[in-house]
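> Please read through the structure below; I'll follow up with questions.
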Amino acid sequence: MTGRDIGLGGTEVRAVILRFHRLETGEIAVQPVAVLMKPVNPRGIRSLPDGTLAVSAGRHRLQVLPGKGRPPREVVLEIPPQKA
């Protein structure tokens, strides 16, 4: 996900701010690259030691904190259940 995807401007428009990949557990890993983030509601989300969030199936809201005095942005993730 790039800065443009959450409405950031300037030099961060094209910068990668979040990366996603599927874990062996079936959860989606959300890794912050150029920002801080936190879950709005931690249900179904667990933190990994490197700061990555493991997100289970369902609808989840994350707050992206771009810093530099800019307001937080909210990202809604809709994770479908993994097919067997």
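> Restricting to segment 25-52, count the residues that are of a type outside the set (Gly, Ala, Ser), closer than 19 Å to Asp5 by Cα and in a strand (DSSP E or B).
8
> Now a separate question. Give me the pairs, please: first residue somewhere in segment 1-18 and loosely packed, with under 12 Cβ neighbours inside 10 Å, second residue anywhere and among the polar types (S, T, N, Q), beta-carbon distance under 6 Å, and either six or more positions apart or on two chains.
Note: pairs meeting the criteria are Arg14/Thr2.
> Can I ask one more? When segment 35-52 is examined, which residues are found to be surrounded by fewer than 16 Cβ atoms within 10 Å (Cβ to Cβ), under 17 Å from Leu65 (Cα atoms) and in contact with a Gly (Cβ under 9 Å, 6 or more places away or on another chain)?
Of everything in segment 35-52, just one residue is surrounded by fewer than 16 Cβ atoms within 10 Å (Cβ to Cβ), under 17 Å from Leu65 (Cα atoms) and in contact with a Gly (Cβ under 9 Å, 6 or more places away or on another chain), namely Leu36.
Every number in this text was worked out from the coordinates using simple rules, so none of it is lab data. Keep in mind that what you see is a predicted model, and the values were worked out from it rather than measured. Using ideal geometry, Cβ is built from the backbone for each residue, glycine included, and neighbour counts are taken over all protein chains shown.
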